[in-house]
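Data block below; observations after.
The values are calculated or read from the model by the stated rules, or taken from the named source; none is laboratory data. On a predicted model such as this, the values are computed, not experimentally measured, just so you know. Positions of Cβ are backbone-derived with ideal geometry, glycine not excepted, and every protein chain shown enters the neighbour counts.
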Amino acid sequence: MLSIRALSRVGLTSPGLGPIDLQLAGGSVAAVTGASGAGKSMLLRAIADLDECSGEVLLDGVNRDTMSAPQWRRRVTYLAAESGWWADGVGGHFSETQAASRLLGRLGLNDDALGWPVSRLSTGEKQRLALIRALIQNPQVLLLDEPTSALDPDSRTMVEDLLAERIAAGLSVLIVSHDAAQTKRLGARIYLIDGGRLVDNGGTT
């Protein structure tokens, strides 16, 4: 269970964020919608402890302040809309290459993709590889910011199928998506963020 209590952050520009309360049970999905600049990505970053904020964030009753930032982010993993790539080769971004290799085909990627230079990757390939990088950490919660925005329908279906499999096994997902059909397929509870405040829309799409 991910529990968020009075989470707030002063924005560099208005409106900032919060206070926000949210609970996300194991094996459940919540989707955050809203206009550009409403605070969707800011919320995910705040939960991941990437930006300074106030309030409490707990996982299974354990406050994130009791663990180091790397420990927290392995359990509550944030996947940005545009992922970071710091090494020249794809394989340099994966500590567990065997686990990563097993997922390449599931997402329509070539078996030798870990041997490619990053400069070769398309935006969609980067999105799928970044998802694999997140999943092989075996997080309890996955924070996804538009994870399929650059994908064709077939690739998007493969991503959703893999996520659905992990969700059924207990993974919790908080996703920012403008794709209402996608949130419906994932069975997400819908929240609207407006002016930095989160509103429960009372059900799934």
Exercise. Out of all the residues in the range 33-52, which are among the hydrophobic types (A, V, I, L, M, F, W, C) and more than 18 Å from Trp72 (Cβ to Cβ)?
Worked result: Ala35, Ala38
Exercise. For the range 134-155, how many residues are more than 22 Å from Leu43 (Cβ to Cβ) and assigned to a helix (DSSP H, G or I)?
Worked result: 3
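Under the condition of being acidic (Asp, Glu) and under 14 Å from the mean Cα position of the chain (by Cα), which residue from the range 137-176 is farthest from Trp72 (Cα to Cα)?
Let us first name the residues in the range 137-176 that are acidic (Asp, Glu), namely 145-146, 152, 154, 160-161, 165.
Keeping just the survivors that are under 14 Å from the mean Cα position of the chain (by Cα) gives 145-146, 160.
Values: Asp145: 18, Glu146: 22, Glu160: 25 Å.
The selected residue is Glu160.
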Problem set entry | Considering residues of the range 1-53 that are of a type in the set (Asp, Glu) and over 19 Å from Arg189 (Cβ atoms) only, the residue farthest from the chain's Cα centre (by Cα) | Glu52
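For residues that are in contact with a Phe, Trp or Tyr (Cβ under 8 Å, 6 or more places away or on another chain) and either without any contact (Cβ under 8 Å) to a residue 24 or more places away in the chain or on the phi < 0 side of the Ramachandran plot (or both), tally how many sit in the range 21-58.
Residues of the range 21-58 that are in contact with a Phe, Trp or Tyr (Cβ under 8 Å, 6 or more places away or on another chain), as a first pass: 22, 30-33, 44-45, 47-50.
Now restrict to residues that are either without any contact (Cβ under 8 Å) to a residue 24 or more places away in the chain or on the phi < 0 side of the Ramachandran plot (or both): 22, 30-33, 44-45, 47-48, 50.
Counting residues in the range 21-58 that are in contact with a Phe, Trp or Tyr (Cβ under 8 Å, 6 or more places away or on another chain) and either without any contact (Cβ under 8 Å) to a residue 24 or more places away in the chain or on the phi < 0 side of the Ramachandran plot (or both) gives 10.
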For this session: Report the residue count in the range 155-195 for those that are within 19 Å of Lys126 (Cβ to Cβ) and touching a Gly at 6+ places or on another chain (Cβ under 7 Å).
Result: 2
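Residues in the range 100-148 that are surrounded by fewer than 16 Cβ atoms within 10 Å (Cβ to Cβ) and under 23 Å from Leu186 (Cβ atoms): how many? Working first, answer last.
Taking the range 100-148 first, the residues surrounded by fewer than 16 Cβ atoms within 10 Å (Cβ to Cβ) are 102, 105-106, 110-112, 115, 117, 119-120, 122-123, 137-138.
From the residues that got through so far, the ones that are under 23 Å from Leu186 (Cβ atoms) too are 102, 105-106, 123, 137-138.
Total satisfying the criteria: 6.
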Problem set entry | Matching residues in the range 95-110 - criterion: being at pLDDT 95 or above and in a loop (DSSP other than H, G, I, E, B) | Gly108, Leu109, Asn110
Exercise. Filtering the range 61-79 down to residues that are among the small types (Gly, Ala, Ser) and touching a residue at least 12 places away in the same chain (Cβ under 8 Å), which residue is surrounded by the fewest Cβ atoms within 10 Å (Cβ to Cβ)?
Worked result: Gly61
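Give the number of residues within the range 182-198 that are outside any strand (DSSP E or B) and either closer than 27 Å to Arg9 by Cβ or without any contact (Cβ under 8 Å) to a residue 12 or more places away in the chain (or both).
Here is the first cut: in the range 182-198, the residues outside any strand (DSSP E or B) are 182-188, 195-196.
Still in the list and also either closer than 27 Å to Arg9 by Cβ or without any contact (Cβ under 8 Å) to a residue 12 or more places away in the chain (or both): 182-183, 186, 188, 195-196.
Result for the range 182-198: 6.
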For this session: Keeping to the range 12-57, report how many residues are modelled with pLDDT under 95, buried (at least 16 other Cβ atoms within 10 Å of the Cβ), part of a loop (DSSP other than H, G, I, E, B) and among the hydroxyl-bearing types (Ser, Thr, Tyr).
Result: 0
